[in-house]
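Engineer: One structure is given below, represented as structure tokens, and several questions about it will come after.
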Amino acid sequence: MTQAGSYNEYMAIAELYDYVVPYRERQDVGFFVEAAKESEGPVLELGCGTGRVLIPTARAGVEITGLDLSTDMLGICRKKLKTEPQEVQARVRLVEGDMRHFELAQKFLLVTLPFRPFQHLTTIDEQLACLGCIHNALAEGGRMILDVFNPSMEALTRTNFGEEMSEEPEFSLPDGRKVIRRHMVASRDVPNQINYVELIHYVSYPDGRKERLVQAFPMRYLFRFEAEHLLARAGFEVEQLYSDYDKKPYGAKYPGELIFVARKSKG
Ligand SMILES: C[S@@+](CC[C@H](N)C(=O)[O-])C[C@H]1O[C@@H](n2cnc3c(N)ncnc32)[C@H](O)[C@@H]1O
């Protein structure tokens, strides 16, 4: 199943997204908003989801298009946008589409993929198809920010497959539902560098009903030099590699993130 498929499987999963504590606490929004402002736009965000990054970017005065495969995630983004001032709404365009196969008439100065949607592409063909579409969507000299996790050696040697892990606090929804979320790696395809991840939501309703919702999806992990070679092959020059959204250089912390700022090569 693709990640977007998993977000469409239950509207309920998309409904929960904005309340999940580690998502609410991610420290990446300021980084992406700053990059969007510096680019002077227009910006294209691939896998924009519910607009966690897209809406603050539009609020900061930048014109932004969000593309996502999930009707449900986009539906929530649209609903949130309706509560924004008219001028913020006017800066946003939402497109339902696949980051592996898209063509937009507009050219962009920045393309971003916040919070790892690129890792739901599980083959090199899919990765290259996506990077080719990004190359095509960028104006000359435009940049891309590719954001993936840095696979830690310790995590890669864990073999606790199928074990539900819980480190997150319970969260509540406005309708009174309470949710505990656990996660697990169900299995790992080592030769293809894919973790089959499950997010398991234990939902309690105010009337006492209980529900267990599972969001299952593949995550391909990429190593630093693999990603650099991939970007070079797709016509990008890496300008910066950060390990964190406060722009710590790669290597300053471990495992940290792999945040590539890459410019479209000439020619
Ligand atoms: C973890 S969410 C990130 C959402 C948003 N960028 C954020 O930072 O909160 C991943 C998003 O990628 C979308 N997605 C996954 N595969 C996709 C594809 N092939 N094309 C477009 N969107 C995709 C999912 O529907 C989901 O909304």
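Values quoted throughout were computed directly from the atomic coordinates according to the rules given, and no laboratory measurement underlies them. All values derive from a computational prediction rather than experimental measurement. For neighbour counting, all protein chains shown are included, and Cβ atoms are generated from backbone atoms with ideal geometry for every residue, glycine included.
Engineer: Once you charge only the Cβ atoms, +1 for Lys and Arg and -1 for Asp and Glu, what is the size of the charge dipole of the chain about its Cα centre, to the nearest 20 debye?
Structural biologist: Charge dipole, the chain, about its Cα centre: 200 debye, nearest 20.
Engineer: If each DSSP helix of 4+ residues adds -39,500 (n - 2.57) and the sum is divided by the residues in the chain, what number results at 222 nm, nearest 500 deg cm²/dmol?
Structural biologist: It comes out at -7500 deg cm²/dmol, rounded to the nearest 500.
Engineer: Show me the ranking of peptides 33-43, 169-179 by mean Cβ neighbours inside 10 Å, starting with the highest.
Structural biologist: Ranked by mean Cβ neighbours within 10 Å, highest first: 33-43, 169-179.
Engineer: Could I ask something else about it? Classify the range 153-220 from the C-alpha gyration tensor, please: rounded if a/c falls under 1.5, else prolate or oblate depending on whether a/b exceeds b/c.
Structural biologist: Taking the square roots of the gyration eigenvalues as a ≥ b ≥ c, the range 153-220 is prolate.
Engineer: Still on this structure, I have one more. Among the aspartates and glutamates, which fall within straight-line cross-link reach of LYS266, defined as a Cα-Cα distance under 19 Å, with same-chain neighbours fewer than 8 residues apart omitted?
Structural biologist: Partners found: GLU140, GLU228, GLU237, GLU239.
Engineer: Give me the dipole magnitude in Debye, nearest 20, for the range 153-220 about the Cα centre, with unit charges on the beta carbon: positive for Lys and Arg, negative for Asp and Glu.
Structural biologist: 120
Engineer: In whole Å, how far is the Cα centre of the range 75-140 from that of the range 51-70?
Structural biologist: If we compute the Cα centre of each part, the gap is 9 Å.
Engineer: Next question, about the same structure. If you put +1 on each Lys and Arg Cβ and -1 on each Asp and Glu Cβ, how big is the dipole of the range 90-244 around its Cα centre, in Debye rounded to 20?
Structural biologist: That gives the range 90-244 a dipole magnitude of about 320 debye.
Engineer: For PHE223 paired with ARG158, estimate the spin-label separation in nm (one decimal), with each label point 7 Å from Cα along the Cα-to-Cβ line.
Structural biologist: 2.0
Engineer: With no solvent and one equal point scatterer placed on each C-alpha of the range 95-215, evaluate the Debye formula and give log10 I(q)/I(0) for q = 0.09, 0.14, 0.17, 0.21 Å⁻¹, two decimals.
Structural biologist: Once normalised to I(0) and log-transformed, intensities are -0.41, -0.84, -0.99, -1.13.
Engineer: Over 26 Å between Cα atoms, which of LYS79/LYS264; LYS107/LYS248; LYS37/LYS264; LYS37/LYS107 qualify?
Structural biologist: From the list (LYS79/LYS264; LYS107/LYS248; LYS37/LYS264; LYS37/LYS107), the Cα-Cα distance tops 26 Å for LYS79/LYS264; LYS107/LYS248.
Engineer: In terms of the ratio Rg/(2.2 N^0.38 Å) built on C-alpha atoms, what value belongs to the chain?
Structural biologist: 1.00
Engineer: Tell me the relative contact order for the range 153-220 as a rounded percent, counting alpha carbon contacts under 8 Å between residues six or more apart. Before the final figure, lay out each step's value.
Structural biologist: Details: 122 pairs, mean separation 16.8, N = 68.
Computed over the range 153-220, the figure is 25 percent.
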